[in-house]
Amino acid sequence: MNKVKNYILFLFLFSITICGQSQNIISENLKEAPVDGGLKMDDYWVWGSSVIKGEDGKYHMYASRWSSYLPFHPGWMIDSEIVHAVSNTPEGPYQFQDVALGARGAQYWDGRSCHNPKIVKHHDTYILYYMGSTHPFEEVTKENVSEFDLLSKWCITARWRKRIGVATSKSPNGPWKRLNAPILEVKPNSYYSFLTSNPSPLIKEDGSVVLLFKGRSYKEDGISNSDMSIGVATAPSYNGKYTVVGDEPLFSMERFGEVEDPHLWSDDNGFHMVAKDQRGAITGGKGDGLLAHSKDGINWVVDESPRAYTKMVKWDNGKTIKQGQLERPFVFVEDGKPTHIFFATMNGPGGFSNGTKTWNMVIPLQ
(Lines give C-alpha, C1' and ligand atoms only; values in the text may rest on other atoms or scores of the structure.)
Protein backbone atom coordinates (compact mmCIF):
# COMPACT_ATOMS: atom_id res chain seq x y z
CA MET A 1 0.00 0.00 0.00
CA ASN A 2 2.81 2.41 0.86
CA LYS A 3 4.37 1.79 -2.55
CA VAL A 4 1.07 2.71 -4.22
CA LYS A 5 0.76 5.89 -2.15
CA ASN A 6 4.33 6.90 -2.91
CA TYR A 7 3.78 6.30 -6.62
CA ILE A 8 0.62 8.42 -6.62
CA LEU A 9 2.48 11.20 -4.77
CA PHE A 10 5.30 11.01 -7.32
CA LEU A 11 2.87 11.36 -10.23
CA PHE A 12 1.19 14.33 -8.54
CA LEU A 13 4.45 16.17 -7.93
CA PHE A 14 5.67 15.38 -11.44
CA SER A 15 2.50 16.78 -12.99
CA ILE A 16 2.92 20.03 -11.07
CA THR A 17 6.62 20.60 -11.54
CA ILE A 18 7.04 19.40 -15.11
CA CYS A 19 3.80 19.04 -16.99
CA GLY A 20 1.05 21.13 -15.50
CA GLN A 21 2.79 24.28 -14.36
CA SER A 22 -0.41 24.76 -12.37
CA GLN A 23 1.13 27.25 -9.98
CA ASN A 24 1.69 30.68 -11.48
CA ILE A 25 5.29 31.59 -10.74
CA ILE A 26 4.73 35.32 -11.36
CA SER A 27 1.21 36.44 -10.42
CA GLU A 28 1.17 34.56 -7.12
CA ASN A 29 4.44 36.17 -6.06
CA LEU A 30 4.08 39.85 -7.01
CA LYS A 31 4.94 42.29 -4.22
CA GLU A 32 4.50 46.09 -4.15
CA ALA A 33 6.32 48.10 -6.81
CA PRO A 34 8.70 50.74 -5.42
CA VAL A 35 7.67 54.20 -6.60
CA ASP A 36 11.30 55.31 -6.68
CA GLY A 37 12.60 52.13 -8.33
CA GLY A 38 13.66 51.48 -11.90
CA LEU A 39 14.88 54.14 -14.32
CA LYS A 40 13.47 57.57 -15.21
CA MET A 41 15.12 60.15 -17.47
CA ASP A 42 14.13 63.75 -18.06
CA ASP A 43 13.70 64.85 -21.70
CA TYR A 44 13.56 61.27 -22.96
CA TRP A 45 11.11 58.51 -23.56
CA VAL A 46 12.49 55.47 -21.68
CA TRP A 47 11.54 51.91 -22.55
CA GLY A 48 12.36 48.21 -22.26
CA SER A 49 15.03 47.28 -19.69
CA SER A 50 17.28 44.26 -19.18
CA VAL A 51 19.38 43.80 -16.03
CA ILE A 52 22.44 41.76 -15.08
CA LYS A 53 24.57 41.61 -11.94
CA GLY A 54 28.20 42.45 -12.61
CA GLU A 55 31.33 41.13 -10.94
CA ASP A 56 31.45 44.48 -9.14
CA GLY A 57 28.32 43.44 -7.20
CA LYS A 58 26.27 46.19 -8.84
CA TYR A 59 23.18 45.78 -11.02
CA HIS A 60 23.59 46.97 -14.58
CA MET A 61 20.52 47.97 -16.59
CA TYR A 62 20.40 48.42 -20.34
CA ALA A 63 17.41 50.34 -21.66
CA SER A 64 16.11 52.18 -24.72
CA ARG A 65 15.66 55.95 -24.82
CA TRP A 66 14.85 58.55 -27.47
CA SER A 67 14.22 62.28 -27.56
CA SER A 68 10.92 63.41 -26.07
CA TYR A 69 10.31 66.01 -28.81
CA LEU A 70 9.53 63.05 -31.06
CA PRO A 71 6.20 61.27 -30.69
CA PHE A 72 6.65 58.17 -28.53
CA HIS A 73 5.43 56.00 -31.38
CA PRO A 74 7.06 55.79 -33.90
CA GLY A 75 9.95 57.93 -32.61
CA TRP A 76 11.84 54.86 -31.43
CA MET A 77 12.18 53.60 -34.99
CA ILE A 78 14.57 56.37 -35.99
CA ASP A 79 16.13 57.79 -32.82
CA SER A 80 16.47 55.11 -30.12
CA GLU A 81 19.75 54.41 -28.39
CA ILE A 82 20.62 51.88 -25.70
CA VAL A 83 21.81 53.38 -22.43
CA HIS A 84 23.57 51.83 -19.44
CA ALA A 85 22.49 52.61 -15.86
CA VAL A 86 23.66 51.20 -12.51
CA SER A 87 22.22 50.52 -9.06
CA ASN A 88 23.41 48.94 -5.82
CA THR A 89 20.14 47.00 -5.58
CA PRO A 90 17.91 45.28 -8.15
CA GLU A 91 15.06 47.69 -7.38
CA GLY A 92 17.09 50.84 -8.04
CA PRO A 93 16.77 53.69 -8.61
CA TYR A 94 19.21 53.23 -11.48
CA GLN A 95 21.61 56.05 -12.34
CA PHE A 96 22.54 56.78 -15.94
CA GLN A 97 26.17 55.98 -16.74
CA ASP A 98 26.70 56.11 -20.50
CA VAL A 99 25.34 55.33 -23.95
CA ALA A 100 26.13 51.69 -24.68
CA LEU A 101 24.93 51.67 -28.31
CA GLY A 102 24.11 54.90 -30.11
CA ALA A 103 23.86 56.23 -33.65
CA ARG A 104 26.86 55.37 -35.83
CA GLY A 105 25.90 56.47 -39.32
CA ALA A 106 23.20 55.66 -41.85
CA GLN A 107 25.54 53.31 -43.73
CA TYR A 108 25.35 50.74 -40.93
CA TRP A 109 22.40 48.36 -40.59
CA ASP A 110 21.87 49.65 -37.02
CA GLY A 111 23.15 53.15 -37.68
CA ARG A 112 20.01 55.11 -36.78
CA SER A 113 18.26 53.12 -34.07
CA CYS A 114 19.24 50.57 -31.42
CA HIS A 115 16.33 49.28 -29.37
CA ASN A 116 14.93 46.50 -27.15
CA PRO A 117 18.15 45.32 -25.45
CA LYS A 118 18.60 41.95 -23.74
CA ILE A 119 21.80 41.33 -21.79
CA VAL A 120 23.31 37.89 -21.04
CA LYS A 121 26.76 36.63 -20.08
CA HIS A 122 28.77 33.58 -21.10
CA HIS A 123 32.07 32.90 -19.34
CA ASP A 124 33.87 36.28 -19.32
CA THR A 125 31.85 37.90 -22.13
CA TYR A 126 28.80 40.12 -21.82
CA ILE A 127 26.51 39.78 -24.83
CA LEU A 128 23.98 42.48 -25.66
CA TYR A 129 21.22 41.41 -28.05
CA TYR A 130 19.14 44.19 -29.61
CA MET A 131 17.12 45.38 -32.58
CA GLY A 132 18.71 47.83 -35.01
CA SER A 133 17.57 49.84 -38.02
CA THR A 134 18.61 52.64 -40.34
CA HIS A 135 17.37 54.96 -43.09
CA PRO A 136 19.15 57.16 -45.67
CA PHE A 137 17.31 60.43 -45.01
CA GLU A 138 18.06 63.60 -43.07
CA GLU A 139 17.54 63.55 -39.31
CA VAL A 140 14.16 64.38 -37.83
CA THR A 141 14.51 67.57 -35.80
CA LYS A 142 12.21 69.89 -33.88
CA GLU A 143 11.91 71.90 -37.10
CA ASN A 144 10.63 69.08 -39.33
CA VAL A 145 9.03 66.77 -36.74
CA SER A 146 5.57 67.78 -37.98
CA GLU A 147 6.32 65.75 -41.14
CA PHE A 148 7.12 62.64 -39.11
CA ASP A 149 4.58 59.84 -38.66
CA LEU A 150 4.09 56.15 -39.47
CA LEU A 151 3.50 56.94 -43.15
CA SER A 152 6.54 59.21 -43.48
CA LYS A 153 9.59 58.19 -45.49
CA TRP A 154 11.60 57.74 -42.29
CA CYS A 155 9.22 55.21 -40.76
CA ILE A 156 8.39 53.28 -43.91
CA THR A 157 12.10 52.62 -44.43
CA ALA A 158 13.13 52.14 -40.79
CA ARG A 159 10.35 49.65 -40.11
CA TRP A 160 11.17 47.16 -42.85
CA ARG A 161 14.89 47.44 -42.08
CA LYS A 162 14.51 46.22 -38.48
CA ARG A 163 16.90 43.35 -37.76
CA ILE A 164 18.46 41.59 -34.76
CA GLY A 165 22.11 41.96 -33.80
CA VAL A 166 24.59 41.47 -30.97
CA ALA A 167 27.35 43.48 -29.35
CA THR A 168 29.97 42.11 -26.95
CA SER A 169 32.19 43.39 -24.17
CA LYS A 170 34.41 42.03 -21.41
CA SER A 171 32.85 44.49 -18.98
CA PRO A 172 29.27 45.64 -18.31
CA ASN A 173 30.67 49.16 -18.67
CA GLY A 174 31.78 48.56 -22.25
CA PRO A 175 33.21 49.38 -24.69
CA TRP A 176 30.90 47.34 -26.91
CA LYS A 177 31.97 45.71 -30.15
CA ARG A 178 29.18 45.56 -32.71
CA LEU A 179 28.84 43.35 -35.75
CA ASN A 180 28.53 44.96 -39.17
CA ALA A 181 25.70 42.61 -40.13
CA PRO A 182 22.59 41.31 -38.32
CA ILE A 183 22.58 37.82 -36.84
CA LEU A 184 19.02 37.10 -38.00
CA GLU A 185 17.95 38.23 -41.45
CA VAL A 186 14.52 38.04 -43.07
CA LYS A 187 13.50 35.17 -45.33
CA PRO A 188 11.26 35.51 -48.41
CA ASN A 189 7.85 33.84 -48.21
CA SER A 190 8.14 33.25 -44.48
CA TYR A 191 6.44 34.62 -41.37
CA TYR A 192 9.52 36.84 -40.93
CA SER A 193 9.88 38.08 -44.53
CA PHE A 194 9.30 41.72 -43.49
CA LEU A 195 11.39 42.12 -40.32
CA THR A 196 13.02 40.41 -37.35
CA SER A 197 12.91 42.09 -33.95
CA ASN A 198 12.58 41.82 -30.14
CA PRO A 199 15.25 39.17 -29.42
CA SER A 200 15.14 37.12 -26.22
CA PRO A 201 18.18 34.83 -25.85
CA LEU A 202 19.11 32.07 -23.44
CA ILE A 203 22.61 30.65 -23.46
CA LYS A 204 22.85 27.06 -22.27
CA GLU A 205 25.71 25.65 -20.22
CA ASP A 206 27.37 24.27 -23.37
CA GLY A 207 27.33 27.74 -24.95
CA SER A 208 24.58 27.04 -27.48
CA VAL A 209 21.78 29.58 -27.84
CA VAL A 210 18.01 29.48 -27.98
CA LEU A 211 16.67 32.78 -29.32
CA LEU A 212 13.02 33.83 -29.36
CA PHE A 213 12.19 36.65 -31.76
CA LYS A 214 9.34 38.61 -33.28
CA GLY A 215 8.69 38.39 -37.00
CA ARG A 216 6.34 40.02 -39.47
CA SER A 217 5.71 39.01 -43.06
CA TYR A 218 4.76 40.90 -46.17
CA LYS A 219 1.11 40.69 -47.10
CA GLU A 220 0.08 39.74 -50.63
CA ASP A 221 0.07 43.39 -51.71
CA GLY A 222 3.85 43.42 -51.21
CA ILE A 223 3.66 46.68 -49.26
CA SER A 224 1.90 46.21 -45.93
CA ASN A 225 2.95 43.83 -43.18
CA SER A 226 1.24 41.11 -41.20
CA ASP A 227 0.36 40.77 -37.54
CA MET A 228 3.11 39.64 -35.17
CA SER A 229 4.46 36.12 -34.87
CA ILE A 230 6.97 34.69 -32.41
CA GLY A 231 9.60 32.29 -33.69
CA VAL A 232 12.65 30.50 -32.32
CA ALA A 233 16.18 30.28 -33.68
CA THR A 234 19.19 28.35 -32.42
CA ALA A 235 22.95 28.77 -32.71
CA PRO A 236 25.94 26.67 -31.59
CA SER A 237 27.32 29.76 -29.82
CA TYR A 238 26.45 33.43 -29.43
CA ASN A 239 28.80 34.28 -32.31
CA GLY A 240 27.78 31.30 -34.44
CA LYS A 241 25.25 30.94 -37.23
CA TYR A 242 21.62 31.44 -36.17
CA THR A 243 19.08 29.13 -37.78
CA VAL A 244 15.32 29.54 -37.50
CA VAL A 245 13.67 26.30 -36.40
CA GLY A 246 10.88 25.12 -38.72
CA ASP A 247 8.61 27.04 -41.03
CA GLU A 248 5.84 27.84 -38.56
CA PRO A 249 5.94 30.29 -35.65
CA LEU A 250 5.51 29.34 -31.99
CA PHE A 251 2.79 31.97 -31.50
CA SER A 252 0.68 33.74 -34.13
CA MET A 253 -2.89 34.82 -34.83
CA GLU A 254 -3.55 31.26 -35.99
CA ARG A 255 -1.65 29.47 -33.18
CA PHE A 256 -2.56 30.29 -29.56
CA GLY A 257 -2.93 34.03 -30.34
CA GLU A 258 -0.86 37.12 -31.11
CA VAL A 259 1.77 37.87 -28.48
CA GLU A 260 4.70 40.30 -28.24
CA ASP A 261 7.81 40.93 -26.16
CA PRO A 262 8.65 37.35 -25.15
CA HIS A 263 11.22 36.96 -22.40
CA LEU A 264 12.97 33.65 -21.84
CA TRP A 265 14.63 32.14 -18.76
CA SER A 266 15.28 28.69 -17.35
CA ASP A 267 15.43 26.82 -14.06
CA ASP A 268 15.57 23.21 -12.89
CA ASN A 269 12.11 22.58 -14.38
CA GLY A 270 13.01 23.72 -17.90
CA PHE A 271 12.40 26.84 -19.97
CA HIS A 272 9.89 29.58 -19.14
CA MET A 273 8.46 32.41 -21.19
CA VAL A 274 6.57 35.52 -20.18
CA ALA A 275 5.08 37.69 -22.93
CA LYS A 276 2.44 40.31 -23.62
CA ASP A 277 -0.89 38.86 -24.72
CA GLN A 278 -1.54 41.41 -27.46
CA ARG A 279 -5.27 40.81 -27.91
CA GLY A 280 -6.14 38.83 -24.78
CA ALA A 281 -6.88 35.63 -26.69
CA ILE A 282 -4.90 33.52 -24.22
CA THR A 283 -5.28 35.24 -20.84
CA GLY A 284 -8.63 36.91 -21.44
CA GLY A 285 -7.15 40.37 -20.87
CA LYS A 286 -5.78 42.53 -23.68
CA GLY A 287 -2.17 43.41 -22.88
CA ASP A 288 -1.94 41.10 -19.85
CA GLY A 289 1.08 38.88 -19.36
CA LEU A 290 1.05 35.20 -20.28
CA LEU A 291 3.23 32.31 -19.17
CA ALA A 292 4.36 29.31 -21.20
CA HIS A 293 6.85 26.53 -20.56
CA SER A 294 9.07 24.17 -22.52
CA LYS A 295 11.49 21.32 -21.93
CA ASP A 296 13.81 22.29 -24.77
CA GLY A 297 13.03 25.92 -25.69
CA ILE A 298 11.67 24.76 -29.04
CA ASN A 299 8.29 23.20 -28.26
CA TRP A 300 6.10 25.35 -26.03
CA VAL A 301 2.95 24.81 -23.98
CA VAL A 302 0.84 27.59 -22.47
CA ASP A 303 0.71 27.25 -18.68
CA GLU A 304 -2.42 25.85 -17.07
CA SER A 305 -2.70 29.16 -15.19
CA PRO A 306 -1.37 31.49 -17.91
CA ARG A 307 -2.03 35.04 -16.66
CA ALA A 308 1.22 36.38 -15.20
CA TYR A 309 0.10 39.95 -14.50
CA THR A 310 -2.36 42.68 -15.44
CA LYS A 311 -1.93 46.43 -15.88
CA MET A 312 -3.17 46.98 -12.32
CA VAL A 313 -0.04 47.71 -10.26
CA LYS A 314 0.08 48.03 -6.48
CA TRP A 315 2.71 50.61 -5.50
CA ASP A 316 4.54 50.89 -2.18
CA ASN A 317 2.87 54.25 -1.48
CA GLY A 318 -0.44 52.46 -0.99
CA LYS A 319 -1.89 53.32 -4.40
CA THR A 320 -3.11 50.79 -6.96
CA ILE A 321 -3.06 52.23 -10.48
CA LYS A 322 -3.97 50.82 -13.87
CA GLN A 323 -0.95 51.65 -16.01
CA GLY A 324 -1.55 53.15 -19.43
CA GLN A 325 0.88 50.66 -20.92
CA LEU A 326 2.77 47.76 -19.31
CA GLU A 327 5.18 46.18 -21.77
CA ARG A 328 8.56 44.50 -22.28
CA PRO A 329 8.43 42.13 -19.27
CA PHE A 330 11.87 41.05 -18.06
CA VAL A 331 12.33 38.47 -15.30
CA PHE A 332 15.55 38.90 -13.34
CA VAL A 333 16.97 35.64 -11.99
CA GLU A 334 19.54 35.53 -9.19
CA ASP A 335 20.98 32.33 -7.71
CA GLY A 336 18.64 30.29 -9.90
CA LYS A 337 15.45 31.96 -8.68
CA PRO A 338 13.28 34.72 -10.25
CA THR A 339 13.50 37.67 -7.84
CA HIS A 340 12.14 40.65 -9.79
CA ILE A 341 10.11 41.45 -12.89
CA PHE A 342 10.82 44.65 -14.81
CA PHE A 343 8.47 46.49 -17.17
CA ALA A 344 8.39 49.46 -19.50
CA THR A 345 5.39 51.54 -18.49
CA MET A 346 3.47 54.67 -19.45
CA ASN A 347 1.03 56.94 -17.67
CA GLY A 348 -2.34 57.94 -19.06
CA PRO A 349 -5.52 56.08 -20.00
CA GLY A 350 -3.84 53.72 -22.45
CA GLY A 351 -2.57 53.98 -26.00
CA PHE A 352 0.86 55.20 -27.06
CA SER A 353 -0.47 58.59 -28.14
CA ASN A 354 -2.23 59.28 -24.84
CA GLY A 355 0.71 59.15 -22.41
CA THR A 356 3.02 61.99 -21.38
CA LYS A 357 5.67 60.03 -19.43
CA THR A 358 7.37 56.65 -19.65
CA TRP A 359 9.82 54.88 -17.36
CA ASN A 360 11.17 51.44 -16.50
CA MET A 361 9.63 50.02 -13.34
CA VAL A 362 10.30 46.92 -11.26
CA ILE A 363 8.22 44.64 -9.02
CA PRO A 364 9.98 42.38 -6.50
CA LEU A 365 8.85 38.75 -6.34
CA GLN A 366 8.36 36.80 -3.13
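The values are calculated or read from the model by the stated rules, or taken from the named source; none is laboratory data. Keep in mind it's a predicted model, so treat the numbers as computed, not measured. Because the Cβ atoms are built from the backbone with ideal geometry, glycine has one as well, and the counts that use them run over all protein chains shown. Each accessible area value is taken on the protein alone, full model and side chains, heavy atoms only, with ligands, DNA and RNA left out. Shrake-Rupley method; radii C 1.70, N 1.55, O 1.52, S 1.80 Å.
Below are the figures for this structure:
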read-out	value
Sequence-distant aspartates and glutamates (8 or more away, or on other chains) whose Cα lies within less than 16 Å of residue 311	28, 32, 260, 261, 277, 288, 327
Exceeding the 19 Å Cα-Cα cut-off - candidates 204/241; 121/187; 53/357; 31/204; 40/357	121/187; 53/357; 31/204
Residue 42-residue 56 pseudo-label distance in nm [points 7 Å out on the Cα-to-Cβ vector]	2.4
Point-to-point label distance, residue 69-residue 89, nm (Cα→Cβ direction, 7 Å offset)	3.8
Alpha carbon centroid spacing (whole Å) that separates the range 294-348 from the range 224-282	16
Potential lengthening between residue 322 and residue 121 on full extension [0.36 nm per residue; Cα-Cα distance subtracted]	68.9 nm
Ellipticity estimate at 222 nm from DSSP helix runs (n ≥ 4, -39,500 (n - 2.57)) divided over the chain, nearest 500	-2500 deg cm²/dmol
Carbon and sulfur %, accessible surface of the chain computed with the full protein complex present, 1.4 Å	50
D (Stokes-Einstein, µm²/s), Kirkwood Cα radius, the range 41-174, 1.306 mPa s at 10 °C	104
Extension gain from residue 353 to residue 168, taking 0.36 nm per residue of separation minus the Cα-Cα distance	63.1 nm
Per residue accessible area of the chain, 1.4 Å probe, in Å²	45
Projected label distance in nm at residue 220 and residue 179, using a 7 Å step from Cα toward the beta-carbon	3.5
Average silhouette area of the chain, convex hull of alpha-carbon atoms, in square nanometres	19.8
Prolate/oblate/rounded call for the range 311-355, Cα gyration tensor, a/c under 1.5 rounded	oblate
Förster radius 30 Å - calculated FRET efficiency between residue 298 and residue 104 (Cβ-Cβ, nearest 0.05)	0.30
GNM result for the chain, Cα springs below 10 Å: residue of 348, 231, 297 fluctuating most strongly	348
FRET E, pair residue 23, residue 254, Förster distance 25 Å, beta-carbon r, rounded to 0.05	0.30
Test item: Cα-centred dipole of the chain, Lys/Arg +1 and Asp/Glu -1 on Cβ, debye	160
Stretchable slack from residue 206 to residue 153, in nm (0.36 nm times residue separation minus alpha-carbon distance)	14.7 nm
Contact order normalised by residue count of the range 140-244, Cα under 8 Å, 6+ apart, percent	18
Positive minus negative residues near residue 36 (Lys, Arg vs Asp, Glu; Cβ under 13 Å)	-2
Cβ-derived FRET efficiency at R0 45 Å, residue 333 paired with residue 189, nearest 0.05	0.75
Two-decimal log10 I(q)/I(0) for the range 150-190, as the Debye equation yields it once each C-alpha is a single scatterer, q = 0.19, 0.22, 0.32 Å⁻¹	-0.74, -0.82, -1.02
Relative contact order computed over the chain (Cα-Cα under 8 Å; 6+ residues apart), in percent	16
For the range 213-366: rounded, prolate or oblate by the Cα gyration tensor [a/c cutoff 1.5]	oblate
